[in-house]
Amino acid sequence: MPDGTVMIFLNGGSVAVAAGSTVAAAMLNAGQPCRISVTGEARTALCGMGICFECRALIDGRAHRRSCQVVVRDGMIVETQR
Ligand code: FES
C-alpha cells in the first residue's frame with residue numbers, strides 16, 4: 001500500500017482508502033450504500049456527526065455501527081447493513 005492509505009474489504013471487494021478517513025466517507029467514495037432501509041431504499045450518511053443514524057453499517061461483524069464515527073483501519077471488513 002502506498003503511504004497514507006489503508007486497505008479495507010467493502011462488500012466483498014478490496015478498496016484502498018486514505019488513512020484517517022471515516023468508514024462513511026470510504027463507502028460514499030466507493031458508491032456503496034451504508035444500509036438498506038426496511039422499504040428497500042439505499043441509505044447513506046446524512047449528518048456526518050453521529051446524530052441521525054442513517055449511516056449504520058456492519059463493521060467487523062458488528063451491526064448498526066455509525067460509520068461516520070468510525071475511522072478506517074487496515075483489514076477492516078465493512079458491509080452494507082441489510
Ligand atoms: S451520518 Fe448521521 S449518524 Fe452518521
- Task: Considering every residue within segment 3-12, establish whether at least one is modelled with pLDDT of 95 or more, part of a loop (DSSP other than H, G, I, E, B), surrounded by 14 or more Cβ atoms within 10 Å (Cβ to Cβ) and among the hydrophobic types (A, V, I, L, M, F, W, C).
- Result: no
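If I filter segment 63-82 down to residues being basic (Lys, Arg) and part of a loop (DSSP other than H, G, I, E, B), which single residue comes out as modelled with the highest pLDDT?
Residues of segment 63-82 basic (Lys, Arg): 65-66, 73, 82.
Subsequent filtering for residues that are part of a loop (DSSP other than H, G, I, E, B) retains 73, 82.
Working: ARG73: 97, ARG82: 94.
If we take residues in segment 63-82 being basic (Lys, Arg) and part of a loop (DSSP other than H, G, I, E, B), then ARG73 is modelled with the highest pLDDT.
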- Note on the structure: Note on segment 51-64: residues within 11 Å of the chain's Cα centre (by Cα) and either within 6 Å of the ligand (Cβ to nearest atom) or charged (D, E, K, R) (or both) are CYS55, ARG56, ASP60
- Would you please name the residue that is nearest to GLY75 (Cα to Cα), looking only at residues in segment 21-50 that are away from the ligand (no atom under 15 Å from the Cβ) and surrounded by 11 or more Cβ atoms within 10 Å (Cβ to Cβ)? ALA30
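The values are calculated or read from the model by the stated rules, or taken from the named source; none is laboratory data. No experiment lies behind these values; they were computed from the predicted model shown. Neighbour counts run over all protein chains shown; Cβ positions are idealised from the backbone, glycine included.
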